[in-house]
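Here the structure is laid out as C-alpha cells; the discussion comes afterwards.
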Amino acid sequence: MVVTRTEQRNDKASGLDERSPADVLRLLHEAQIEAAASVARATDSIAEAALLAAETLAAGGRIAYAAAGSSGLMALADALELPGTYGIAPDRVVILLAGGVESLVRLAGGYEDDVAQAARDIAGAGLGQGDCLIAISASGTTPYAVAAIDEARRRGLKIIAIANNPAVPLFRHADVAITLETPPEIVAGSTRMGAGTAQKIALNLLSTLMAVHLGHVHDGYMVNLVADNEKLRERAALIVSAIAACDIADAKQHLASTDGSVKRAILLAAGAADAKQASHILESNQQRLRPSLSTLKGSLGSR
C-alpha cells in the first residue's frame, strides 16, 4: 500500500518524545509555518475557486461545504462566518458534516465512512444545478467527502475540492482542484495540525476573495457586515465614517435610517437623497459600492 504524504512520518520527529519541551514546540511551530507556506503554491486554483463561488452566489445559487473530522471543523469555521462578516444570507450557505451535529461532540468514529449519508445529505439539502459544493479532505480519499462530490456531480452542482495530497479521488470530478501539499505531520497522520492549518488559510483566502468579487469589501472594509451586536454596530459606524468622511454621530444616524446597511448609509452620507435612492443605486450596480459612489457623484454633478 502506498502511504500518502499526510500519513507519512516527518523525519524531523525522530526522538521527539525525548526532546525538551522548547525543542518540541520549535519543531511544531516550524512545521506549521511550512504547512502555511504550501498555500502559496495553490493561489491560482484558489482564485479560480473564489470566482466560481462568487458567480454561484451572484446568480442566486448556494454554497455548500462537505467534510468530515478536522476538515469539517475548518469548513464549519469558514461557513459560519460568511453571513455576519459579508452579509451573505444564512440560507445561501449549507454545511454538511459527516455525522451531523453529533460529530461536533465526538469527531472520531465511522462517520467519515458513511457514503450513503453523504448522498442523503446532498439530497436532503435540496442542492442541485446552480449550486456549488466545496468538499474538503486532508487525505483526499475520505469516503464521505468523495461520495458527496459524486452525488453533487450527479445533481449538476459545480465542484471545488480541497486536499493535501495530489492526484486523489476527491479531485476526480472537481471543476476546481486545490492541492495543498503540506509536509508530513510531526505527529504522523495528525492532520488537524499542518494540513488543517493550510486548509483554514486556503478557505480564508477563497471566501474573502469571493466576497471581494461580490462587492462586499471596499478599501479593506467589510461593507456588507451584519451589525447585530454593540461591537459590530460601532464597527459599522467607523466604516461609514471612514469611507464617507463624516463624523461618527452622522454615521450612526445614517445607519439608523438604513436599518443598519453600511453600503446604503455610506451613500446617504455621500449625498443620496434618501435610503430608497441609495438602494436603487446599489441595485443598478450589482450591490458594488465603488461604482455606486461614482454613479451618485455623477448624478450630483449633473444637478
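Side notes on the structure shown:
- Condition check for VAL187: touching a helix residue (DSSP H, G or I) at 6+ places or on another chain (Cβ under 6 Å), touching a residue at least 60 places away in the same chain (Cβ under 8 Å), surrounded by fewer than 21 Cβ atoms within 10 Å (Cβ to Cβ) and not charged (D, E, K, R): no
- Any hit, the range 192-210, residues being surrounded by fewer than 19 Cβ atoms within 10 Å (Cβ to Cβ) and in contact with a strand residue (DSSP E or B) (Cβ under 7 Å, 6 or more places away or on another chain): no
- Test: ALA177 is open to solvent by 30 Å² or more (accessible area, probe 1.4 Å) and touching a helix residue (DSSP H, G or I) at 6+ places or on another chain (Cβ under 7 Å): yes
- Those residues of the range 211-229 which are at positive phi and open to solvent by 40 Å² or more (accessible area, probe 1.4 Å), in sequence order: ASP219, GLY220
- Each residue in the range 142-165 was checked for being in a strand (DSSP E or B), closer than 17 Å to ARG62 by Cβ and without any contact (Cβ under 8 Å) to a residue 60 or more places away in the chain, and 1 of them qualify.
- Number of the exception - LEU127 against (1) open to solvent by 30 Å² or more (accessible area, probe 1.4 Å); (2) more than 16 Å from SER71 (Cα to Cα): (1)
- For ILE248, the stated conditions hold: it is more than 29 Å from THR56 (Cα to Cα) and of a type in the set (Val, Ile, Thr).
- Test: residue in the range 54-66 that is closer than 26 Å to GLY220 by Cα, at pLDDT 90 or above, over 15 Å from the mean Cα position of the chain (by Cα) and crowded, with 18+ Cβ neighbours inside 10 Å: yes
- Filtered residue count, the range 76-120, keeping only those that are closer than 15 Å to ASN204 by Cα, among the hydrophobic types (A, V, I, L, M, F, W, C) and open to solvent by 60 Å² or more (accessible area, probe 1.4 Å): 1
- Some residue of the range 42-62 being outside any helix (DSSP H, G or I) and within 22 Å of GLY189 (Cβ to Cβ): no
- Residue in the range 234-241 that is in contact with a Ser or Thr (Cβ under 8 Å, 6 or more places away or on another chain) and part of a helix (DSSP H, G or I) present: no
The values are calculated or read from the model by the stated rules, or taken from the named source; none is laboratory data. Every value quoted in this text rests on a predicted model; they were computed, and no experiment measured them. Please note: Cβ atoms are built from the backbone with ideal geometry, for glycine as well, and neighbour counts cover all protein chains shown. The protein model used for the area step is the full one, side chains on, heavy atoms only, and it has no ligands, DNA or RNA in it. Shrake-Rupley method; radii C 1.70, N 1.55, O 1.52, S 1.80 Å.
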